[in-house]
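All remarks here apply to the structure that follows.
The values are calculated or read from the model by the stated rules, or taken from the named source; none is laboratory data. Values in this document were obtained by computation on a predicted structure and should not be read as measured data. Here Cβ is always computed from backbone atoms with ideal geometry, including for glycine, and neighbour counts include all displayed protein chains.
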Amino acid sequence: MNIINHGVHISIFMSEENLPSFTTDDYELFDVMDDYLTEDCDFDFECFIYHDQPKKGHFTMEIESGITFDELVSSIKKFDLEEIERIYKVNN
């Protein structure tokens, strides 16, 4: 599986259902990324998954099938790493 990391807290990959997906290890960060991707990038999500195994990340979103993996990577990479770290530190 091809996994691309954006900083320490976000991983981007293709799900078992072959949908572009991302995972975060913090709910607040997940919520901000959800808002960014659905409101600013106009992506819809297929599925939200909570994992209780930290090695998988805690929160995963599968993006609709009309969005490519590269589009998801490009959109997430536009999100500032310092802002990601600031959001993560709010609860951790």
State the number of residues belonging to segment 16-33 that are surrounded by fewer than 18 Cβ atoms within 10 Å (Cβ to Cβ), assigned to a helix (DSSP H, G or I) and touching a residue at least 12 places away in the same chain (Cβ under 8 Å). 2
Return the residues of segment 1-15 that are within 15 Å of Ile87 (Cβ to Cβ) and part of a loop (DSSP other than H, G, I, E, B); say none if nothing qualifies. Gly7, Val8, His9
Do we have Thr38 as of a type in the set (Val, Ile, Thr), over 11 Å from the mean Cα position of the chain (by Cα) and either at pLDDT below 95 or outside any loop (DSSP other than H, G, I, E, B) (or both) here? yes
